[in-house]
Amino acid sequence: MVISLKAIMISGRTLGQGATCEAKMSPEFFRATSTCSLADSDYDALGIPEDGNVLVRNGFGEVVVSAKRDGGLPPGLIFIPMGPWANAVVGPETGGCGTPLFKGVEVEVARTDRRVKGVRELFADLAPEGPA
């Protein structure tokens, strides 16, 4: 069984993300955007149980998201809908266009027993520490 794998993350809009993006604190937005789609072979290699979660991380950050099978994805490619969970691993580089690069993000993916944080918890983790 593979403990973790290197992958390329892409992010983008989905019908669910678009339908709920005006209510970012809602349970519907949480369900629509806190997921990670993986190829069947990657899902099996990581030994992810049904309704399991994965830890996605890189040098910019890490995030726990719920795992979903997607038979349309090739191995080594994962998809996280546009939103705060995807943003946790997107770097500041914009390539000069002013928009972060939401495609081609190198990440490591591992099965985890950790739970998916709510959007308020994600934002709390971003809060600056007190004065030095």
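The values are calculated or read from the model by the stated rules, or taken from the named source; none is laboratory data. On a predicted model such as this, the values are computed, not experimentally measured, just so you know. Glycine gets a Cβ as well: all are built from the backbone with ideal geometry, and neighbour counts include every protein chain shown. Note: accessible area is taken over every heavy atom of the protein model, side chains too, but ligands, DNA and RNA are not part of it. Shrake-Rupley method; radii C 1.70, N 1.55, O 1.52, S 1.80 Å.
Before moving on, here are some points about what is shown:
- Inter-residue pairs, beta-carbon under 7 Å, first touching a residue at least 40 places away in the same chain (Cβ under 8 Å) and in segment 6-22, second basic (Lys, Arg) and open to solvent by 30 Å² or more (accessible area, probe 1.4 Å), 6+ apart: Ile10/Lys103
- Scanning segment 65-111 for residues that are β-branched (Val, Ile, Thr) and at pLDDT 85 or above, we see that the one that is farthest from Ile8 (Cα to Cα) is Val65.
- Filter result for Leu38 (free of Cβ contacts under 8 Å to residues at least 60 places away in the same chain and not hydroxyl-bearing (Ser, Thr, Tyr)): no
- Criterion: touching a Gly at 6+ places or on another chain (Cβ under 6 Å) and either of a type in the set (A, V, I, L, M, F, W, C) or more than 24 Å from Phe123 (Cα to Cα) (or both) - qualifying residue of Ala45, Ala67: Ala67
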